[in-house]
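A.B. asks: This structure is in structure tokens; I'll ask about it shortly.
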Amino acid sequence: MPSTRRLPGCRRDAPFILGPALNTAQTVDAIDALVDAYLRLRTSGEERFLDTYRRVGLQPFKEAVYAAA
């Protein structure tokens, strides 16, 4: 059963499971893909990750992570 623990500051309606677990070897590439997606999707150098996530939603990040996995 997945944990329902959320990070501090995480909204109650925010998803907390991106998808299937990644193995250790995939983790670095997944984080790199997530950061690359954020940098590509943000509207300016001032837009925070959370603001980008709220604007575009989970799907673009999920696609980037699992394409790299």
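The values are calculated or read from the model by the stated rules, or taken from the named source; none is laboratory data. The model shown is predicted, which means the values in this text are computed figures rather than measured ones. These accessible areas exclude ligands, DNA and RNA; they are computed on the full protein's heavy atoms, side chains included. Shrake-Rupley method; radii C 1.70, N 1.55, O 1.52, S 1.80 Å.
A.B. asks: Would you mind checking the radius of gyration and Dmax of segment 25-69 based on alpha-carbon positions, in Å?
C.D. replies: 10.4, 32
A.B. asks: Next question, about the same structure. Sort V28, V56 by accessible area with a 1.4 Å probe, largest first.
C.D. replies: Most to least solvent-accessible, the answer reads V28, V56.
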